[in-house]
Amino acid sequence: MPKVELNLEDDELKELLLGDRDKAMQSIMAKILDEILKSEATEQIKAKAYERSDERTNSRNGYRVRQLTTRVGTLELHVPKLRHGNFSTQLFKRYQRSEQAFDLALMEMVIQGVSTRKVAEITKKLCGTTFSKSTVSALCSNLDDQVLDFNRRPLTQKYTFVYADAILFKVHRGHVVTSNSLLVAIGIDPSGRREVLGFDIGDSESKAAWMDFFSELKQRGLTNVDMFVSDAHCGLKDAITTQFQGSLWQRCQFHFSNDCTSILALKDRKEVANRLKDLFNAPTYDQAVERRDQLVKDWQTEFPKVVKKLENSFDELMVIYQLPEELRKRLRTNNTIERVNQEIRRRDRVIRIFPNDLSVLRLMGALLIEQNEKWAAGPRYLNMTVYHGIEKDDNSEEAGMLKLVK
């Protein structure tokens, strides 16, 4: 991934802090993206501008101007040209897919008459006032095809671990606003990288919705999952048990901790959260049991409801100890989906209520596809050689441990 250095002039900083912030942000954003384009050109040519290098494969040949519409305005960017062949960049494709999905959601709201004044003002700045239903329909169709193709692709690899979660949203259905969820599954591929396996709209508390979701994933090739990681949604655990018999289920420790502290007075929440964190950080299962027993003893009178939750859920929270220590930290919670959720929430705070289900799939799908591309090009998330090494070594002390996973 190209490294970018950005230098701001005094006038630009002054404008950003004291003047027209929108204008300043346009200038800064254009600079950042121009630098990214220059860095991509350097990587492709294998030499900086005017640099003499034996590894050089091509030469620069000026640039062409291209506009990119963003939420800070229309930017004028300088795309490098090469003397031999064409300069290749994913910047416009990746950036505009989610931005366009975001803009289309706003445009649909205006057309359908469900937009707030804030949304209408933002849409006017982004898209102008002359867009029509046919224009929106044509743009939607193109994005919908991309999202659908991604969400129907065959799953040809083995995904040892799968995170499952639901992202809540609100949507207009006729004259009624309803709450619903986007069901999401993220897998860990053989190299240890994360991959978005699929997503669909459904009731996160319904076993039937999760059953349908997992059935679709299985039809596309998902099989032999060693362990699922998720929150304790009512229907989710039952669906996993039914659809993937023999797979383990690790209850998300982060969500469990939040569930416990949410029933306490504010003054007690920090203490309980810290003690639970200490429990979850126990180096071994035996030490976790000792810390659990001490918590039960200390809290039996003061926090009986937390004690009951802990005793009922302890085994589900400790499945992680059946894995090598190096893998436990990133497999004991489904925070990897929570981080994606935060990115989606940035858009959701503006839209607030989606105009229809398709706009949800379009925007959230575009964001998930872009996140998937970043994960594919980035570093691996888990060191799977540790897992596979123990799995193959029948003589190791932990060999019997992974037989439970199977």
### Query
Between Leu168 and Thr241, 0.36 nm times their residue separation minus their Cα-Cα distance comes to what?
23.9 nm
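Determine, from the Cβ-Cβ distance of Glu76 and Gln146 and an R0 of 30 Å, the FRET efficiency 1/(1 + (r/R0)^6), rounded to the nearest 0.05.
In this case the efficiency is close to 0.70.
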### Task
Can you figure out the FRET efficiency of Arg346 with Glu43, using R₀ = 25 Å and their beta-carbon distance, to the nearest 0.05?
0.30
### Query
Based on the mean of other beta carbon atoms within 10 Å per residue, what is the order of 226-232, 382-388, 46-52, 293-299, most packed first?
226-232, 382-388, 293-299, 46-52
### Query
Along the Cα-to-C-beta direction of Glu326, a point sits 7 Å from the Cα; which residues of region 157-191 have their amide N less than 14 Å from that point?
191
### Task
Report the calculated FRET efficiency for Glu51 and Lys158 (r = Cβ-Cβ distance, R0 = 35 Å), to the nearest 0.05.
0.20
### Task
Could you please report the charge total around Ala239, scoring K, R as +1 and D, E as -1 over all other residues with beta-carbon less than 10 angstrom from its beta-carbon?
0
#### Entry: Cβ-defined net charge surrounding Val272, 13 Å radius [Lys, Arg +1; Asp, Glu -1]
+1
#### Entry: Extension gain, Glu35 back to Glu205 (0.36 nm per residue minus Cα-Cα distance, nm)
56.6 nm
### Summary
Taking 186-199, 326-339 and ranking on average Cβ neighbours within 10 Å, highest first, one gets 186-199, 326-339
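Throughout, read-outs are computed from the coordinates displayed, never taken from laboratory work. Only a predicted model underlies this, so the values are computations on that prediction, with no experimental measurement involved. Note: ideal-geometry Cβ built from the backbone for every residue, glycine included; neighbour counts use all protein chains shown.
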